[in-house]
Amino acid sequence: MRIVVCVREVAALDEEFELREDGLGVEPDCVEWDLNEWDSFSLEAGLLLREGLDGDDHEVVAVTVGDEQAEEGLRGCLARGADRAVRVWDQGWDPAHPALAGDPLTTARVLAAVVARERPDLVLCGVQSSDAVTGATGTALAGLLGLARVAVVKALELDAQAGAVTVARELEGGLVERVRVGLPALLTIQTGINEPRYATLRAIKQAREKPLEVLSPAELGIDEAELVAAAGARLEALHPPESGAGAEMLTGAPAELAAQILELVRERVAG
């Protein structure tokens, strides 16, 4: 059985940061990178599934889209137990280009080419990333591949003999839905489904010897110009939020406060 886990490194800003001169990003020295929290739970889910299977012909493959910085996240996945990793990027791309760096539809299209190449039985993605918080990549990937999809999975049972998974997914109001899906399928994993393991020092050293393949879009049959043209969103500019006039404090008895609030609402609606 082959399980593909889609991961990415996410950016965490320092308390004080500076924007780049082009206004399309943050100065690299002001950013810290780490594996996305939801992806850590997805990886652990894949590792637990593999460990529960008989035989040695099962593997977990970590896949990401990104530049050389993203390899740190992949090496971390290998250290935790992934069998091999794949990174897709082309140094000819402008790393600041928003369509390549962060658009979920573009990322999903690239991941779809990798997943089609790997032909896995199961694809696992995090529900969302902690920086962009779109929750769109996994859903788009399933749609591009024509895979059955279940989102916000908080429990997972594999029936390898039947080629199916039974999952519990979160719904509104604290409800939980149980769904059985035939393989191949794609699941987006929620935090709390398990307890992600830590990599030992020995495992970190051994991860350097595990396969980490770097592919260009061309090697996957992707036309870069078409990929950029089909992007769902493009970043135009980043800037600090504009400061307003400040808060206006209202005083008086309850009836007076209600009258003041009513007048403010009327002014705002009319304006």
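Quick note: the coordinates plus some simple rules give every number you see, no bench work behind them. Quick caveat, the model's predicted, so the values are computed rather than measured. With ideal geometry, Cβ positions are generated from the backbone for all residues, glycine too; neighbour counts draw on all protein chains shown.
Restricting to the range 2-270, compute how many DSSP beta bridges are antiparallel as a %, nearest 5. Walk me through the intermediate numbers first.
Details: 19 of 46 bridges.
In the range 2-270, DSSP labels about 40 percent of beta bridges as antiparallel.
Taking 51, 118, 236 as the candidate residues, the one with maximal mean-square fluctuation in a Gaussian network model of the chain, Cα springs under 10 Å, is 236. Placing a label point 7 Å from the Cα of residue 224 along the Cα-to-Cβ line, the residues of the range 73-90 whose backbone N sits under 13 Å from it are 89-90. The convex hull of the Cα atoms of the chain, projected and averaged over all directions, covers 20.2 nm².
Between residue 157 and residue 13, how high is the FRET efficiency from 1/(1 + (r/R0)^6) when r is the Cβ-Cβ distance and R₀ = 45 Å? Nearest 0.05.
On the way: r = 39 Å, r/R0 = 0.86.
About 0.70, to the nearest 0.05.
By how many degrees, 0 to 90 and rounded to 10, does the Cα axis of helix 70-80 deviate from the longest principal axis of the chain? Here the helix axis deviates by roughly 60 degrees. Connecting C-alpha atoms closer than 10 Å in a GNM of the chain, tell me which of 76, 252, 232 has the biggest fluctuation. The residue with the greatest mean-square fluctuation here is 252.
A cut-off of 5 Å between modelled amide H atoms, ignoring neighbours fewer than 5 places along the same chain, links residue 215 with 87, 88, 89. Note on the range 193-271 and the range 60-89: Cα centroid distance 24 Å, given to the nearest whole angstrom.
Got a sec? How would 204, 261 order by Cβ neighbour count within 10 Å, fewest to most?
Details: 204 14, 261 11.
So the residues, fewest neighbours to most, are 261, 204.
Computed from Cα positions, the angle between helix 37-51 and the longest principal axis of the chain comes to roughly 20 degrees. Here the calculated FRET efficiency for residue 22 and residue 208, from their Cβ-Cβ distance with R0 = 45 Å, stands at 0.80, rounded to the nearest 0.05. The spacing between the range 1-52 and the range 153-185, judged by their C-alpha centroids, is 25 Å. Helix 104-118 and the longest principal axis of the Cα set of the chain meet at an angle near 10°.
Which of the chymotrypsin sites (Phe, Trp or Tyr not before Pro) found in the range 1-47 are loop residues per DSSP with 14 or fewer other Cβ atoms within 10 Å of their Cβ?
17
Over the range 2-270, calculate the relative contact order: mean separation of alpha carbon pairs under 8 Å at least 6 apart, over the residue count, as a percent. All intermediate terms of the calculation are to be shown ahead of the outcome.
Details: 472 pairs, mean separation 64.0, N = 269.
It comes to 24 percent, rounded to a whole number.
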